[in-house]
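Coordinate-derived values only; no laboratory data. Remember, it's a predicted structure, so these values are computed and weren't measured experimentally. As a convention, Cβ positions derive from the backbone with ideal geometry for all residues, glycine included, and neighbour counts pool all protein chains shown.
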Amino acid sequence: MLDTNIYIEDLAGRLPMAATELLDNATLHHCSVCLGEIATGLAARDVTAPGWRAEIRAWSQQMASMLPSRIHSPDRDTWIEAGLVCGTLARVQGYSKLDQRKALNDALVYLTARKAGIPVMTTNRHDCDRLEQLAPGGSVIQVF
């Protein structure tokens, strides 16, 4: 399951060759949380910026190529566990409200992948290490 940062690095051409080869040869799974993060970022963009239309086209093509059967969404239990994990991290690490929102999304992606038995591919080593400690049993492929 791809984390949001993998989509961004891939479309920007910044992934290491080994990660690109893995993406080219793997059965890709996606999380609705990441799609929402991408959509939020696109909607917040300056529509008058040069290249905006090309960027929207690239993202639209990327999302249109995703098979619906490989898009996973967190269920009720996953939302509850993610909230508990996020709240614990916020308390222990002293997270700001913005950091709490980011941590909740990270936990939702990680726990959704864990429930599906799929590893998460991410560049977010630091936060995933914390998630693995609080909610063991998932699998993470670290890039960079």
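One table, with the values for the structure above:
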quantity: Verdict on E81 being of a type in the set (D, E, K, R), surrounded by 15 or more Cβ atoms within 10 Å (Cβ to Cβ) and either touching a residue at least 24 places away in the same chain (Cβ under 8 Å) or assigned to a helix (DSSP H, G or I) (or both); calculated: yes
quantity: Scan of the range 64-78 for residues that are of a type in the set (A, V, I, L, M) and part of a loop (DSSP other than H, G, I, E, B), ordered by number; calculated: M66, L67
quantity: Leading residue by the ranking (surrounded by the fewest Cβ atoms within 10 Å (Cβ to Cβ)) among those in the range 118-144 that are touching a residue at least 40 places away in the same chain (Cβ under 8 Å) and more than 14 Å from I6 (Cβ to Cβ); calculated: L134
quantity: Qualifying residue in the range 37-58 (condition: under 28 Å from G13 (Cα atoms), among the aliphatic types (A, V, I, L, M), surrounded by fewer than 16 Cβ atoms within 10 Å (Cβ to Cβ) and in contact (Cβ under 8 Å) with a residue 40 or more places away in the chain); calculated: yes
quantity: Residue that is surrounded by the fewest Cβ atoms within 10 Å (Cβ to Cβ) [pool: residues in the range 84-112 that are of a type in the set (S, T, Y) and part of a helix (DSSP H, G or I)]; calculated: T88
